[in-house]
Amino acid sequence: MSEKAVSNDFTQGSVYRMILGMSIPYMMAQIVNVLYNIVDRVYIGMTPENATLSLTGLGLTLPIISAISAFSNLFGTGGAPLCSIARGKKDINEAEAIIGNSFAMLVTAGIVLTVLGLIFKRPLLYAFGASDVTFPYANDYLTIYLCGSVFVMISLGMNNYINSQGFPRVGMLSVCLGAVCNIILDPIFIFGLGMGVRGAALATVISQAAAAAWILRFLTGKRCILKLRLKNMRLKARRVRNICMMGTAGFVMAATNSVVQVVCNATLQTYGGDLYVGVMTVFNSIREILQLPACGITDGSQPFLGYNYGAGAYGRVKKAVKFITIASVSYLAVVWFFIYQFPEFFIRIFNRDPELIQAAVPALHIQFMGFFFMAFQFSGQAVFVGLGKSKNAIFFSLLRKVVIVTPLILVLSSVMGLGVNGVFMAEPISNLIGGLACYFTMLAVVWPELSGKRRGKT
């Protein structure tokens, strides 16, 4: 199927081919996007001196990096489904206005986050579990990363508007450009120039700037269907409210990830010290990579879901829901098997310290138990967001991370006396309860609605 065909009308052609045609490039783009930070951790984990301390320092910055991603989700992934729905209704002016307003909010938020981050970074890092030994590494990385926050916001947020128009390959190339730059620059700055964690951060910022420039060039170019125009950057209260309401689900998911990371690191620092904060950094890296194909096929389906919902093709929406559920659950079940069979292989990608490996192997078996239950959360969230039901998506984001996993970390580790094992047990329990609750509620809310309307195209 040509990209031109995909970009014009999502109500035509095979549901499964169309979702895969959009999701696979989107998936690859997300995998490559994660490489920005993952590659940093891989290289830093292989440095000849203080590798574990440096890696732990990078791990301490993850809550702040997640917060920046949260605001990218708020304005980027928030506007993209609305853009798809407007395009499905043939309202091109509104679709372009959404793009312009989102861009203005992304830039403004990037500037504000840079200033606040630089002012409060020291107390934040110590609150997140830093020690006097690991703080210098975290501070060096974060200071440079924050200075490039605007580039990060643009590259993460605006790429959604390329994918939502049916140009997933261009969206993938946008991310690949930055990732390739990062892969090349990381060893030059880290090892060649001897900059260590500062070099990793500098390479990431330069790479994100290159990706942002590419994205803006495409969105203002002739090939783009919906363009980024200066006249549409003037904010309108109603439009801003709608974008923020829709993006709150993605914002809450990323923000609550940040909260969980803070609680995990602080609790692990109390019961296990710097070593176990490093172990959690490795686990976060493994999870980020392995869950991405499932996220790719569910999140990548959102433009398809929104377009067909807006066009009244409800039968195609139902087929899409079934497909993304089966695909994501099956994939994560296979991944779970390999994690349990070969734990040391995955750990060694990021660190080869014998002490860390010895501590990480049993903890990994706990942390990744029932890994496939995450697929139900991903599928349910994607459908809620794609169909514009942001309140439902927000509720279940809060339920899993804030209501379930965060209290569990504290209760299991301290009240029940399980220490570090309690921290690692909280995640699989929350995946089971939160994932199933989200998915079956989605079915209860969405399925009768779609079945009660005319089916439209199938």
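The values are calculated or read from the model by the stated rules, or taken from the named source; none is laboratory data. The shown structure was predicted, so the numbers you read here are calculated from the model rather than taken from an experiment. Positions of Cβ are backbone-derived with ideal geometry, glycine not excepted, and every protein chain shown enters the neighbour counts. Ligands, DNA and RNA are stripped out before the accessible areas are found, and what is left, the full protein with its side chains, is counted by its heavy atoms. Shrake-Rupley method; radii C 1.70, N 1.55, O 1.52, S 1.80 Å.
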Review point. Which one of the conditions (1) over 20 Å from D40 (Cβ atoms); (2) of a type in the set (V, I, T); (3) under 17 Å from the mean Cα position of the chain (by Cα) does V152 fail to meet, given that it meets all the rest?
Key: (1)
Revision key, fill the gap. Matching residues in the range 207-236 (at pLDDT below 85 and among the hydrophobic types (A, V, I, L, M, F, W, C)) number 6
Point to revise | Residue list for the range 382-419, filter: under 12 Å from G434 (Cα atoms), surrounded by 22 or more Cβ atoms within 10 Å (Cβ to Cβ) and among the β-branched types (V, I, T) | key: V405
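Determine, yes or no, whether V383 is over 25 Å from V263 (Cβ atoms) and at pLDDT 85 or above.
Details: over 25 Å from V263 (Cβ atoms): yes; at pLDDT 85 or above: yes.
The answer is yes for V383.
What residue, among those in the range 315-343 that are in contact (Cβ under 8 Å) with a residue 60 or more places away in the chain and surrounded by fewer than 21 Cβ atoms within 10 Å (Cβ to Cβ), is nearest to Q377 (Cα to Cα)? First the steps, then the outcome.
Residues of the range 315-343 that are in contact (Cβ under 8 Å) with a residue 60 or more places away in the chain, as a first pass: 315-321, 323-325.
Add one more test, that the residue is surrounded by fewer than 21 Cβ atoms within 10 Å (Cβ to Cβ), and what stays is 315, 318-319, 323.
Numbers: G315: 22, K318: 17, K319: 18, F323: 15 Å.
Residue satisfying both the conditions and the ranking: F323.
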Exercise for review: Determine, yes or no, whether G117 is touching a residue at least 24 places away in the same chain (Cβ under 8 Å) and surrounded by fewer than 23 Cβ atoms within 10 Å (Cβ to Cβ).
Suggested key: yes
Study note, to complete from the structure: Reported set for the range 300-314 where residues are open to solvent by 10 Å² or more (accessible area, probe 1.4 Å) and farther than 21 Å from M172 by Cα is Y309, G310, A311, Y314
Review point. Of the residues in the range 42-51, how many are modelled with pLDDT of 75 or more and under 20 Å from G129 (Cα atoms)?
Key: 1
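When you go through I68, I99 one by one, which is the residue that is in contact with a Phe, Trp or Tyr (Cβ under 7 Å, 6 or more places away or on another chain), at pLDDT 80 or above, assigned to a helix (DSSP H, G or I) and open to solvent by less than 40 Å² (accessible area, probe 1.4 Å)?
On the way: I68 fails: in contact with a Phe, Trp or Tyr (Cβ under 7 Å, 6 or more places away or on another chain).
That would be I99, the only listed residue that is in contact with a Phe, Trp or Tyr (Cβ under 7 Å, 6 or more places away or on another chain), at pLDDT 80 or above, assigned to a helix (DSSP H, G or I) and open to solvent by less than 40 Å² (accessible area, probe 1.4 Å).
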Exercise for review: Exactly one condition in (1) surrounded by fewer than 18 Cβ atoms within 10 Å (Cβ to Cβ); (2) modelled with pLDDT of 90 or more; (3) over 30 Å from I44 (Cβ atoms) is not met by G370; state its number.
Suggested key: (2)
